[in-house]
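One structure is given here, and the rest of the page talks about it.
Bear in mind these aren't lab numbers, they're just calculated from the coordinates by the rules spelled out. The structure displayed is predicted, hence computed values, not measured ones. Because the Cβ atoms are built from the backbone with ideal geometry, glycine has one as well, and the counts that use them run over all protein chains shown.
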Amino acid sequence: MKLPDLSNISTLLVGDAQAERVVPPSGYTANLTLFTSAAMAFLAVFALALSLATGRLADRWGEELARSSTIRISAPDDQMTAQTVAALKVLETTNGVASARALSADEQRALLEPWFGPDLPVDTLPIPQLIEVVEDSSGFDADGLRLRLQAEVPGAVLDDHTRWRKPLVRAASRLRLLGWVSLFLIGFATAAMITLAANAALSANAQVIKVLRLVGARDGYIAQAFVRRFTIRALLGGGIGTLLACIAIALLPSAQSEGGFLTGLGFQRWHWLWPFVVPPLAAGVAFAATQAAARKTLKDMP
């Protein structure tokens, strides 16, 4: 493996005052690089927050729905109590069931309130009795439990939430993938914009570069000046964009159970360290893009 050239790294960190005169200290190339890096860093932090938030959401939905099931009992009023008691007895003797309880009228009203309003007359409507089933770490045999319920409690229907869990977890996983894809696209867009800015700066200084070549300056020496200047601009712009994005994310509503996904977009605990990776990555992208553009442009110059 080829070791990095320490002299180039030292030049990149310390700089060369004479070589840096080749690169204009201001102008549209400087503003373009700074603005592009800041904007892309801002978007990258939000894409990172989206990926992490959807990852937490998928895990939470998977855990909550995987460990809970519901039994719905539809029976005449005079048989409802007896079938509820029979279903609870079946669940008491079922391996893998940690707890089971019948929901009260108030709890069922709370479940239906978002759709029918707070004044729903649960007692006068033919609403099925719901039984909440929580499984232990080993889980239970859903098919076997359905057969037992069918034989002993004809009006009972088991819903193990599989049809709800899989689409929700799949959707959250795809959103997480979309966030990571967005990060890669942001990186490519940043590299493209910085490459254009570097090419513009090189073209604007074509006459200066020719003079430097006449006095013995090599292309690597000239390219290093462009690489350092654009790398520092990208690092500064990335830091500004990251700081603004962190402030914006900190002002978002905190995660709440009733708010769902829209209130949990921020970073949590040690995830706040991830945004600090964005500015160095922006600088790395600028370093690679500028170096490639400078060497290619200088090679093509007469």
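The simple spin-label model puts a point 7 Å past each Cα toward its Cβ; for Asp159 and Ala105 those points are separated by 2.2 nm. Computing FRET efficiency as 1/(1 + (r/R0)^6) for Leu251 and Phe184, where r is the C-beta to C-beta distance and R0 is 41 Å, gives about 0.90. Our estimate of slack between Asn95 and Arg218, defined as 0.36 nm per intervening residue step minus the Cα-Cα distance, is 36.5 nm.
Summary of packing: across the peptides 47-55, 267-275, the per-residue average of other C-beta atoms within 10 Å ranks them, highest first, as 47-55, 267-275. Estimated from the Cβ-Cβ distance and a Förster radius of 25 angstrom, the FRET efficiency linking Leu168 and Ala142 is about 0.85.
Subtracting the Cα-Cα distance of Ala192 and Asp300 from their residue separation scaled by 0.36 nm leaves 37.0 nm. For the pair Val85 and Val211, label points projected 7 Å from Cα toward Cβ lie 10.2 nm apart.
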